[in-house]
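Read through the structure below, which is laid out as structure tokens, and then see the notes.
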Amino acid sequence: MLCFSGVVQLPHETSMDLNVSGLASGFDWKSMVDQLTNVERAPQRRMRTEQAGVRAKNAAFTRLKTELTSLKTVSEQLKDTAFFDTRKVTSSETHATATADSGTSSGEYNFEIFQLATSAKQLGASDVGAAVNTSSAMSSGGFSIAVTGGTVTVQGKQVTVSTDDSLNTTLAAIKTAVGGSFDYSVSGDKVTLTDSSEIVLGSATDTSNFLQALRLNANGTTSISSSGKLGGIDISVTPANANFTDGTGAASGSFKINGTTISWDSSATITDILDKINSSEASVYANYDPVNDRFLLTNKTTGDVGITLEDVTGDFLAKSRLLTANSGALSRGKNLLYKVNDAGPLESKSNTIDSNSSGIQGLAVTATKGNGASKISSVDTSGETVTTESSHGYSTGEAVTVYSPGTIPGGLSSNTTYYVRVLSSSSYTLHTTKANAESGTNAVDLTSTQTGDVYLMSSSPKIATVSVQADTDTIKNKIAGFISQINKVQSLIKTQTASSTDADGKVTLGVLAGESLVSMTISGDIRTKAIESVDGLSGTITRLESIGYTSSGYSNELSLSDSSTLETALSENLGQVKSLFTTTTDGLANSMYTYLDTLLDDDGSLETTQNNLTNQISSIDQQIADHERRVQMNRDTLIRSFVNMEQAQSKINNDMSFLMSRFK
């Protein structure tokens, strides 16, 4: 009999060690568990296959919905009555462009442009800047062009210019450097240089603008004078320091231009003030002209309209000599002068003629050239001579007529054609025959001068013929787009619902096969609405077939079988074509739009179907997740059972090892 005493110590094995498949038993149970788990997941694979089919169906509905939305869009455009009133506008000349609103009366409009519109200007009096101070430092001497320091060359002698020196000092330094008979003088705010030989100014290495500030340019002679006065306004400083001829400007204040108030403070430069004017609602451009030493205001719009000015506080407008009281003057703008279909002359403040001027509703014509109008400046009743404000551009023998919103000179009639004998670029006599004009005999007896504006209008204006027609090309293309989109929808439905059989007899169903909403309802409804007659129409055009579109009878698609029928309908019966598509409720485009609007609505059958499919996809996801949890639970149970088996087997193995060691 064997006796055992003491404690038996078995080898230590962790549960992790025993979790290794077959460590104690030698049996690869993990592979078996994986295979059993895979078998148990078979329903998930079936569900995923089902889900893929649902997803494909949902995607097919989305694509169909996109095409139906496009058909709805083109239907909405075609049901708009204004669309069929769109106009195509052409101009015979590039100097006249035109646009026309929907419904503008069709026809041809012959425009004769005699004069373009220009903007009015308020011209400030010249010499607004005081003369330069020849004894002060040039940096503060009041030059209209600020002098910069550097070097300057005269007669080959280079002299250094410092803006801290006065003009007199600098000119004297140049005289000393040149020597000989060279001399200078300052008079009337201008500088004159003289020498016994030709005066040569400047060099390529000069760094000062002294000669430019003095407005001196070489002329190939022995005497050169400034081309303009030297003094002027430095717009980079405040009005209080700007060298105004009429005295120091106010440090701050405000004024009105065209009723808009412009204010400035003590830190604002003249440039700042001009910028404020330009960016304001005064609708003028403001600038300083250094050549003529004056300020200018120009209306941003054209036409013979004024510019109103008022100093409120301060004196900027007065010091800048823009006010009439300070010798400022309005240079009147010109109105566009034209005729249309021989009516007129008419006037437009803008170079774009609209219904406010022509009376033609919806038509706008923009002119860029004009010719033939000359405005009378004065009449010499003793010499029978007419003088114009600017160059008239006429030639002897040219025919003219008189136009005046005022009173024409005595001896002339607005209904008579006269002939010009040119005396100069701005004067002529008038004759009743071309022969008299060419011979200079029998000039019209001018008995009195004009009152107000009087124009002579030549027979050679800039002419353009503007044609306004129904835009049948755009309408035709839109109808074609409507038919094309119907065909795209029907073709897509056919593809998605059809079945096919391969060589082995295997039948493959379209992704939407069996969906009666698509194959029966939508496809059938669209076909019916496209080819049915429109109730309530009394003319010859009552359905698509009336304008050349037919169905073959073998498919739901439409085609243009007779293009001449469509062309004739658009050119001769556009009103009936318009009614075919736009008639309330039953018009083809109206009916199609209403149907699609309901079908595609958030509560429509398409949206409901897709919501159901989306919910089905989510439900399958949930079923798969639930099933996977059960699979994992079963897997864990199997693994725990086999681990317990391994632990038991390990204990048996240890016991056997111990016993075997005792019998040795």
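General observations
- Qualifying positions in region 390-419 - surrounded by 15 or more Cβ atoms within 10 Å (Cβ to Cβ) and over 16 Å from Ser459 (Cβ atoms): Ser404, Ile408, Pro409, Gly411, Leu412
- Top-ranked residue in region 237-283 [being closer than 24 Å to Ala130 by Cβ, of a type in the set (Ser, Thr, Tyr) and over 35 Å from the mean Cα position of the chain (by Cα); ranked as least open to solvent (accessible area, probe 1.4 Å)]: Thr238
- Options Thr528, Thr521; residue that is open to solvent by 50 Å² or more (accessible area, probe 1.4 Å), among the β-branched types (Val, Ile, Thr), closer than 21 Å to Thr583 by Cα and in a helix (DSSP H, G or I): Thr528
- Top-ranked residue of region 391-412 - restricted to ones that are farther than 21 Å from Glu112 by Cα and small (Gly, Ala, Ser), ranked as modelled with the lowest pLDDT: Gly406
Residue-wise test of (1) out of contact with any Ser or Thr (no Cβ under 6 Å at 6 or more places or on another chain); (2) more than 30 Å from Thr594 (Cα to Cα); (3) without any contact (Cβ under 8 Å) to a residue 12 or more places away in the chain; (4) open to solvent by less than 40 Å² (accessible area, probe 1.4 Å).
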| site | (1), (2), (3), (4) |
| --- | --- |
| Val39 | yes, yes, yes, no |
| Ala52 | yes, yes, yes, no |
| Ala56 | yes, no, no, no |
| Val74 | yes, no, no, yes |
| Leu78 | yes, no, no, yes |
| Thr81 | no, no, no, no |
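- The residue list Leu456, Leu423 contains one member that is surrounded by 20 or more Cβ atoms within 10 Å (Cβ to Cβ) and among the aliphatic types (A, V, I, L, M), which is Leu456.
- Residue check, Tyr288 assigned to a strand (DSSP E or B) and either free of Cβ contacts under 8 Å to residues at least 12 places away in the same chain or over 19 Å from Asp234 (Cα atoms) (or both): no
- Restricting attention to region 355-368, the residues being within 22 Å of the chain's Cα centre (by Cα) and either of a type in the set (D, E, K, R) or open to solvent by 50 Å² or more (accessible area, probe 1.4 Å) (or both) number 1.
- Of the residues making up region 149-182, those that are crowded, with 17+ Cβ neighbours inside 10 Å, of a type in the set (S, T, N, Q), more than 54 Å from the chain's Cα centre (by Cα) and not in a loop (DSSP other than H, G, I, E, B) number 1.
- Enumeration of residues in region 459-477 that are polar (S, T, N, Q), open to solvent by less than 70 Å² (accessible area, probe 1.4 Å) and modelled with pLDDT under 95: Ser460, Thr472, Thr474
- All positions within region 192-222 that are touching a residue at least 40 places away in the same chain (Cβ under 8 Å), polar (S, T, N, Q), part of a loop (DSSP other than H, G, I, E, B) and under 19 Å from Ala146 (Cβ atoms): Thr207, Ser208, Asn209
Yes/no matrix, rows are residues, columns are (1) modelled with pLDDT of 95 or more; (2) in contact with a Ser or Thr (Cβ under 9 Å, 6 or more places away or on another chain):
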| site | (1), (2) |
| --- | --- |
| Gly249 | no, yes |
| Glu281 | yes, yes |
| Ala286 | yes, yes |
| Thr308 | yes, no |
| Arg321 | yes, yes |
| Leu330 | yes, yes |
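- Any pair with Cβ under 8 angstrom, 6 or more apart, that starts in region 533-547 at a residue that is under 16 Å from Leu560 (Cα atoms) and acidic (Asp, Glu) and ends at one that is open to solvent by 30 Å² or more (accessible area, probe 1.4 Å) and outside any loop (DSSP other than H, G, I, E, B): Glu545/Ile531
- Screening Asp636, Asp626, Asp562, Asp597 for residues that are open to solvent by 30 Å² or more (accessible area, probe 1.4 Å) and within 25 Å of Ser538 (Cβ to Cβ) leaves exactly one candidate, Asp562.
The values are calculated or read from the model by the stated rules, or taken from the named source; none is laboratory data. Because the structure is a prediction, the values reported are computed rather than measured. Glycine gets a Cβ as well: all are built from the backbone with ideal geometry, and neighbour counts include every protein chain shown. Protein only, heavy atoms only, side chains kept; ligands, DNA and RNA dropped before computing areas. Shrake-Rupley method; radii C 1.70, N 1.55, O 1.52, S 1.80 Å.
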